[in-house]
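Written out below as structure tokens is the structure these notes cover.
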Amino acid sequence: MITTRPQIRRGSLLAALLALLCSAFLVLPANAEPLPFEDCPTGQFCLYDGSGGTGTRSDAPEGAKAERDAGTVLSVKNNTGMWACMYGKPEYGGGLQTVKPGNDDEYVTAGVRWVVGSYKLVPSRALCFTGYERCENGKVCTFAERNGRGAMTVHVAAVDPATQNLGDSYGPEVAPASVFNRTAKHLCLYPNADYSGSWTQGTTVYGAYVVLRGQSVTVPAPFAGTFRSHELVNGTSECQ
């Protein structure tokens, strides 16, 4: 008995293989555009000079800060475990926007740019609202804005040759809105440059505004922005 095999034409086989290859290529995905911010490494705070995570990227690790010269920042990706605090002015001043861990943010909305003047990465969002931590131990620091934000002046205590007061005298350019007394003495603040003057609030007259040792405060009216000198004393009764 003779068994005959069906003859397969080589041309038909080649055509079938080509059809199979073509169908495979048809279902392959096209090269997709990269997702916004996908290039930001884990553990880094990524700042871009373009919106939507585009342009040149610079990275900052957890705990990083830039009090000034933050550069051109139009978008960010917070790939750290900390909160990012973004300020509209240098030295943590001006408006504030916060970026929670894992989120991104845009600083161009409807063609309007929100300028980033400074930033810092902190463990909790509450720490975005204060800048007192910049004041070193043993110093008296005054700030241009509330809660230790804005331009900071570090005062070096010296004995005034005329009054013998241990403290500092300064002009209206300092204009403190908040104060941190990180010394071991109490702080007496005055409206005049010669450690004198007083304020009147209602029927009460104040001869000095006192910040106790180790305390920080946002200065209320009518004292805010009026200080021109201060002295360091062992007891508040020594205030002028």
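Just so you know, all these numbers are worked out from the coordinates, no wet-lab data involved. This one's a predicted model, so the numbers in the text were calculated from it and none came from an experiment. Note that each Cβ is placed from the backbone with ideal geometry, even for glycine, and that neighbours are counted across all protein chains shown.
Two decimals is fine: what's Rg over Rh for the range 132-238, C-alpha atoms, Kirkwood radius as Rh?
With Rg and the Kirkwood Rh in hand, the quotient comes to 0.93.
Net charge around ASN181, counting only other residues with Cβ within less than 15 Å of its Cβ (Lys, Arg = +1; Asp, Glu = -1)?
0
In sequence order, what are the phi-derived ³J(HN,Hα) couplings for the range 91-101 according to the Karplus relation 6.51 cos²θ - 1.76 cosθ + 1.60 with θ = phi - 60°, rounded to whole Hz, with x for glycine and proline?
6, 6, x, x, x, 10, 10, 10, 10, 6, x
Using only the alpha carbons, work out the radius of gyration and Dmax of the range 44-129 in angstrom.
11.4, 32
Relative to the first principal axis of the alpha-carbon coordinates of the chain, what is the inclination of helix 10-27, with its axis defined by its Cα atoms, in degrees from 0 to 90 and to the nearest 10?
Approximately 20 degrees, to the nearest ten.
Over the Cα atoms of the chain, what Rg and Dmax result, in angstrom?
Just the Cα atoms of the chain yield Rg and Dmax of 32.0, 133 Å.
Give me a comma-separated list of calculated 3J(HN,Hα) values for the range 213-219, in order, Karplus coefficients 6.51, -1.76, 1.60 applied at θ = phi - 60°, integers in Hz, x for any Gly or Pro.
4, x, 9, 10, 7, 8, 6
Once phi is turned into ³J(HN,Hα) by the Karplus curve 6.51 cos²θ - 1.76 cosθ + 1.60 with θ = phi - 60°, what whole-Hz value does each residue of the range 233-239 show in order, with x for glycine and proline?
Result, ordered by residue: 9, 7, x, 5, 5, 7, 5 Hz.
Determine the equivalent ellipsoid of the range 73-121 by diagonalising the alpha-carbon gyration tensor, then write out the semi-axes as square roots of 5 times the eigenvalues, largest first, rounded to whole Å.
Those come to 17, 14, 7 Å.
With n ≥ 4 as the cut-off for DSSP H runs, can you work out [θ] at 222 nm for the chain, using -39500 (n - 2.57) per run divided by the number of residues, rounded to the nearest 500?
After summing the helix terms and dividing by residue count, I get -2500 deg cm²/dmol.
If R0 is 30 Å, what FRET efficiency do you get for VAL174 and VAL108 from their C-beta distance, rounded to 0.05?
On the way: r = 35 Å, r/R0 = 1.17.
Efficiency for this residue pair is about 0.30.
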